[in-house]
Amino acid sequence: ALSIGATVISELLFTVYSSPFGPTNMVGHLFKLITFYLIYKAVVQTALSRPYALLFRELKQSEEALREGERQQRQIADVLQEALLTTPERIEGITFGHLYRPSTLAGRVGGDFYDVFTLGPDSVGIIIGDVSGHGLDAAAFTSLARDTIKAFAYEAVTPSEALRRANLVTVKTGATARAGGHFLTAFYGVLDLEKEELSYSAAGHPPGVIRRVDGSTEMLEVTSPVIGVFPEAVFRDSYAPMRRGDMLVLYTDGLTECRATQTEFFGEDGVRGVLESLPDSPAAAVPQQLFEAAFAFCRGTLVDDLAILTVASDSGPATPGAQR
């Protein structure tokens, strides 16, 4: 840059001199010497004699650009993940709690999601799901799948029909192909507070557990295939009583797949064991208690992201406990 500046000055002086022996011509030649000296400094001394300094400077610039790109991606990822885990502050007639933990900080944008929403005066929709894979592609597919299931849920169809339609949309629109072949497991249930009954369909998703008011536990069943693979997949409904004081506990496979060794998993028995040992824990506190038990079991190493959602019938207003 200095060499270019000196050249400009030199050429300007050469345009105005009146005598080849005058001071203007002499100063112009001096600036020309300075120009070549600076070219020597830039090309020979810096680029050849001290190439590592130049290399490290370029690496530093590349590193800073990479960090800025990662910062922007993290910001986008945080917004996406926050949207996938947003629940209402309260819903009349139930209490609920929820928790999400990524397996690693870098992979905090996963495919886990959950939602609780009002369908009518006496019914509540409950969704939890898990998209295979991580990253922005998986998060985009997760957002599409979650909103599609919820949209069909508002049409007052059965849980199995909502999942069937969502599956058809994801397959027919090519959403799974665009997302890199990801598929979705999901649990969608409708809690009827007046009938005290839960109707649900579990599409390849861990079935969940109901902790009864007396402290006993009951496993639900997986009734349907995963979403996003077969357009003509058949989805089925199941039913379970949900009386006041009973609590529905849903989770992604990141919880049950916590492992102490290669063959020893936390599993469904671990979930039921924790629930039966804490018969009086409220729905808002159970997700954290389950996570702490699983985290201790696997000695602080998660192999996958995990999400936990608990919903309990309650005669008073909801006081949810949301934990991140």
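Side notes on the structure shown:
- Which listed residue is open to solvent by 20 Å² or more (accessible area, probe 1.4 Å), out of contact with any His (no Cβ under 9 Å at 6 or more places or on another chain) and either more than 22 Å from Arg146 (Cα to Cα) or not β-branched (Val, Ile, Thr) (or both), from Arg211, Arg243: Arg243
- Of the residues examined, Glu218 is one that is in a strand (DSSP E or B), over 27 Å from Phe183 (Cβ atoms) and among the charged types (D, E, K, R).
- Pair list, Cβ under 8 Å, 6 or more apart: region 199-212 residue within 17 Å of Leu290 (Cβ to Cβ) and of a type in the set (Val, Ile, Thr), other residue open to solvent by 10 Å² or more (accessible area, probe 1.4 Å) and part of a loop (DSSP other than H, G, I, E, B): Val209/Leu220; Ile210/Leu220
- Flag: Phe230 matches the condition of being more than 22 Å from Gly93 (Cα to Cα) and either of a type in the set (Lys, Arg) or loosely packed, with under 14 Cβ neighbours inside 10 Å (or both).
- Of residues in region 217-227 being at pLDDT 90 or above and touching an Asp or Glu at 6+ places or on another chain (Cβ under 8 Å), the one most open to solvent (accessible area, probe 1.4 Å): Met219
- Listed by first and then second residue, the pairs with beta-carbon distance under 8 Å, at least 6 apart or on different chains, first residue in region 22-38 and open to solvent by less than 70 Å² (accessible area, probe 1.4 Å), second among the aromatic types (Phe, Trp, Tyr), are Thr24/Tyr17; Asn25/Phe14; Asn25/Tyr17; Gly28/Phe14; Gly28/Tyr17.
- Residue match in region 220-239 (condition: free of Cβ contacts under 8 Å to residues at least 24 places away in the same chain and closer than 22 Å to Val303 by Cβ): yes
- When region 80-109 is filtered for residues that are exposed (fewer than 14 other Cβ atoms within 10 Å of the Cβ) and either at pLDDT below 85 or among the aromatic types (Phe, Trp, Tyr) (or both), the ones remaining, listed by number, are Glu82, Thr86, Pro88, Glu89, Thr104, Leu105, Ala106.
- The residues of region 144-178 that are polar (S, T, N, Q), open to solvent by 10 Å² or more (accessible area, probe 1.4 Å) and at pLDDT 80 or above, listed by number, are Thr148, Thr158, Ser160.
The values are calculated or read from the model by the stated rules, or taken from the named source; none is laboratory data. This structure is a prediction, so every number in the text was calculated from the model and none was measured. Cβ sites come from the backbone with ideal geometry, for glycine too, and all protein chains shown count toward neighbours. Heads up: the accessible areas ignore ligands, DNA and RNA and are worked out on the full protein's heavy atoms, side chains in. Shrake-Rupley method; radii C 1.70, N 1.55, O 1.52, S 1.80 Å.
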